[in-house]
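Structure, as structure tokens:
The values are calculated or read from the model by the stated rules, or taken from the named source; none is laboratory data. None of the values given here were measured: they were computed from a predicted structure. Reconstructed Cβ throughout: ideal geometry from the backbone, glycine too, with neighbour counts over all protein chains shown. In case anyone asks, the SASA skips ligands and DNA or RNA and just uses the protein heavy atoms, side chains included. Shrake-Rupley method; radii C 1.70, N 1.55, O 1.52, S 1.80 Å.
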Amino acid sequence: MSGQEPAHQSQHPQPHQLHEGPTVMGPMHVASVRQGGHFQDSHIVGMLGDRDKLPATGPLSEPGAQRGAKGIGVCGIVLLFLSYGLTIVTFPFSLCLCIKVVAEYERAVIFRLGRIVEGGAKGPGLFFVVPCMDVIRKVDLRTVTFDVPPQEVLTKDSVTVAVDAVVYYRIYNPVIAVTNVEDADRSTRLLAATTLRNVLGTKNLSEILSERESISAMMQETLDEATHPWGVKVERVEVKDVRLPVQLQRAMAAEAEAAREARAKVIAAEGEQKASRALKEAADVLNESPFALQLRYLQTLNTISAEKNSTIIFPLPIEILSNFMHRPRL
């Protein structure tokens, strides 16, 4: 009896063996997907890091796992043979429906009876499809640029500003981009607008105006983490323009003008102070030497005569006038 127990158990598999849902992707599955899909290009593999791996959860965490368990079924096999027969009968006219071409920057995700064919995404170049059974979804792998519409944001210090940005992204895994999200492009655009509002809502107005690079880096990191399960890689985010209300612009301009006027008055006062000190020192020098004043007078006359002026002012010493003023009357 003990020798027959393993055979009896093998006829009745355990409940966990009947589960056909998606499982965690193993190294062999990752290698097969990379060889047949988007990861077969060496120049794209070089740009992908550890984060650009297939996620362990989602509708297509392990492409081919469910197909290996169930296949396309008996009806699918019958329809496949009928399609092949129809292709052979209508040859060579069926070639226009069987042979497809994708460009170097594109990949084709093929659904056969609702299931992705083994090998992942196809391309670039020629590949064969089965008429009436295969549905093709082409995915563009080039970097896409879009403008985030101006967002009305209330900053941390309760100031309303309108901010717009530009986002650069690309699809690094076409299979996930097709199966895990309905429209990767539209979803990324909506998420970018929401992320812009959320990030700027935690900043003051002065930080938004002076720390654009750090804000762009924070947005890029947040978007990249959120779009990773969609097969999207956000490469760069840039804040383009920050528009302030007209009243706030006038208030800031008045504040800046007042600050400039205050600095100008301080500079003028400092100049007057330095000039008064210099005049005091000159007066002390002239007081110590009476002939210095006469020399200064002659130098002034020389300067006036060089300019060819018709009027010359002759200074009269106060001592001479004082003698006439204090002279006794007869």
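What the table below lists for this structure:
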| quantity | calculated |
| --- | --- |
| Filter result for the condition that a residue is buried (at least 16 other Cβ atoms within 10 Å of the Cβ), more than 17 Å from Ala226 (Cβ to Cβ) and not charged (D, E, K, R), over Val199, Val161 | Val161 |
| Qualifying helices (runs of 4 or more DSSP H) (wholly inside the stretch 138-221; at least 2 residues being modelled with pLDDT of 90 or more) | 174-179, 184-200 |
| Any pair with Cβ under 9 angstrom, 6 or more apart, that starts in the stretch 235-262 at a residue that is touching a residue at least 40 places away in the same chain (Cβ under 8 Å) and of a type outside the set (D, E, K, R) and ends at one that is open to solvent by 60 Å² or more (accessible area, probe 1.4 Å) and assigned to a strand (DSSP E or B) | Val237/Tyr168; Leu244/Thr160; Pro245/Thr160; Leu248/Thr160 |
| Subset of the stretch 181-194 [under 20 Å from Arg236 (Cβ atoms), open to solvent by 10 Å² or more (accessible area, probe 1.4 Å) and of a type in the set (Val, Ile, Thr)] | Thr194 |
| Which listed residue, of Asp147, Asp140, Asp157, Asp164, is out of contact with any Leu (no Cβ under 9 Å at 6 or more places or on another chain) and closer than 30 Å to Leu244 by Cβ | Asp147 |
| Some residue of the stretch 208-228 being assigned by the TED database to the domain that holds Glu152 and within 21 Å of Val109 (Cβ to Cβ) | yes |
| Enumeration of residues in the stretch 214-223 that are open to solvent by less than 50 Å² (accessible area, probe 1.4 Å) and without any contact (Cβ under 8 Å) to a residue 24 or more places away in the chain | Gln220 |
| Output for the stretch 132-164, where each listed residue is among the charged types (D, E, K, R) and more than 30 Å from Ser83 (Cα to Cα) | Arg142, Asp147, Glu152, Lys156, Asp157, Asp164 |
| Test: Glu104 is at pLDDT 75 or above, within 40 Å of the chain's Cα centre (by Cα), assigned to a loop (DSSP other than H, G, I, E, B) and exposed (fewer than 14 other Cβ atoms within 10 Å of the Cβ) | yes |
| Filter result (over 24 Å from Arg137 (Cβ atoms) and either open to solvent by less than 100 Å² (accessible area, probe 1.4 Å) or of a type in the set (Asp, Glu) (or both)) within the stretch 81-101 | Gly85, Thr90, Pro92 |
